[in-house]
Amino acid sequence: MPSKLDAVYRSLLLGKFFTKGWGEPKNLQRLFEFRKIMSNREACIKLVPEDYPIQITKEEESSDCITIEGKFMTPLELHLPGLVPEEAQDAHFQMILPKKWREENFKPVCLHLAGTGDHYFWRRRNLLCKPLMKEAGLGAIILENPFYGLRKPADQVASALHNVSDIFVMGGCLILESMVLLNWCEKMGLGPLGITGLSMGGHMASLAASNYKKPLVLVPCLSWSTASSVFTEGVMSHSINWDMLETQYYADGNYREKLSKMVTVVDDAFIAGKHFIQNFQKSMKELKEDIKDTTKIILQMDKEVNLTIINETNPLHAKKQFLEINGRSNKLNLSMDLLNKLLAGENCELTASEINELNEKIQIALKQLKTAKFNQKVLEEKTNSTVADNKEPQSTALTTNSLQSDTSSNDSSTIFSTAFNLSYTRLMNLLTKSSTSDSAKSDIPNLPVREKITIGKTNWWEREATQFMRGMMDECTHLKNFSVPLDTSLIIAVCAKDDGYVPREGCSSLEDIWPGATVKYLDAGHVSAYVLHQKIFRSSIIEAFERAKKKYHNQNDHKEKEGTENALANAIPNQIKVSSS
């Protein structure tokens, strides 16, 4: 059960995400193509030279630690120029090291990535990094997120990203920037190395760890296998400007016709849908021969809730066939412009006003259809003294006899022909998400589907835009689309059982994607886990580093380590000059 506290907390935050829409189609296309390179470890390693330049801007020594600050240009700007805002192009970080390591050959350093709303360094430094240094002698690097703190665009309010594409730019930056910092630490003789983060930071840490060239400690906290459920089912979905996204999705054909074909919904029986699309032209010729078969396939695809299939089969095809049989009499009383558009073909583009008109008329007709069924039931009760106890329940789709009785009714507003009602009922099942008849259900194979979207979207055009969001998020964030970390035994994930921000139902489990990983479940929601269980996050990080020490560093105790007794000298290579901030 999702935590009520999560929902209440999110409702108190006023910021709306993605108020400027999806982002430029050409930018999204570049990101989708680049994701395929970044998700392959061998290819991604080549994107970041091991001696990538880093500038140290500040160094301080206090009674208990050494603090170093630095910056470097994000490698993503080099590979995808123009996508990273100018303010975010410099990656800023803070490094905290103990003044003296507890063991000469054991100098552990953990990279900490930020969760949503975690600007600057102070929160992670005080809640995690300094306590970890005191408890276990762990060093830390705190990396500032793109679009946050020192890297926040001037026109952005708080953490509310303007475009959906910004979340993918952020992820791309963090993956490559993490590689820069981990390579830098290794070059200085520090190790073992690890990476962690809370919430969004935990998921970003998982993506970054999948591409590192060596075994790496990984402790993702309050995250899961994909970000798609966060933005389409969790409490965050209520902070998204869906009206803007839906309008933009249908106003620009690039999103539906091109970009939607570049994304995949990983957990939604995608294999079956992909097979259908590969044979789409042949399938459509066969479907046009029989409206019953057409309806069955469309209903099946609707059950799968597959983004690409919805785009290709387009429910307007069902409307066209429905109108060709019954629509020239215009039972829905549509305007002639809209009627002609629907009759013109399945790929016609509707304006927002035309979509609203169609939906309004369909809802009116649906009410009339229900009235007809009610009138028929009353008529049967009047003419029959008793009703057999073993009579089958009436199907959602009207029977031929009941339809014939309806057409004999004196109420002209509820009279429909048999053919009209049969086709219309099937259409209603598709457009209004009403339950299909038992006979229709029996023809549809049982396919695995995810939890229903819970953001209140009931119309097909609203659902299609939401499915596009799910497909984009799965494409760029689902762990199945990335390499498996080299040593999953060094992974300890900490999750909240009642997480309202990160729903897990219907998503692939971390245990399946990363065999050998440890997953701990807290009896808490997202917010309560963050507030009450920081100690568990820290203990899990310490435990994972102990595993790495036992498995790798104890084997190398006999080897000489480069460096000196001075921790600061270890932290700052001679070739890197310190400049004033």
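The values are calculated or read from the model by the stated rules, or taken from the named source; none is laboratory data. Given the structure is predicted, the values throughout are model-derived calculations rather than measurements. Cβ placement follows ideal geometry from the backbone for every residue including glycine, while neighbour counts extend to all protein chains displayed.
Among the helices (runs of 4 or more DSSP H) contained in the stretch 424-521, which hold 1 or more residues that are at pLDDT 90 or above?
Answer list for the stretch 424-521: 460-477, 510-513.
Only one of (1) in contact with a Lys or Arg (Cβ under 7 Å, 6 or more places away or on another chain); (2) in a strand (DSSP E or B) fails for E60. Which number is that?
(1)
Residues being surrounded by fewer than 17 Cβ atoms within 10 Å (Cβ to Cβ) and either among the hydrophobic types (A, V, I, L, M, F, W, C) or part of a strand (DSSP E or B) (or both): count how many of those fall in the stretch 99-127.
2
Collect the residues in the stretch 541-551 that are surrounded by fewer than 20 Cβ atoms within 10 Å (Cβ to Cβ) and either in contact with a strand residue (DSSP E or B) (Cβ under 7 Å, 6 or more places away or on another chain) or farther than 17 Å from G139 by Cα (or both), keeping them in residue-number order.
E543, K549, K550, K551
Pick out the one residue from F147, F93 that is more than 22 Å from E543 (Cβ to Cβ) and touching a Pro at 6+ places or on another chain (Cβ under 8 Å).
F147
Restricting to the stretch 79-91, name every residue that is buried (at least 19 other Cβ atoms within 10 Å of the Cβ) and either outside any loop (DSSP other than H, G, I, E, B) or not assigned by TED's automatic domain parsing to the domain that holds K550 (or both).
A88, A91
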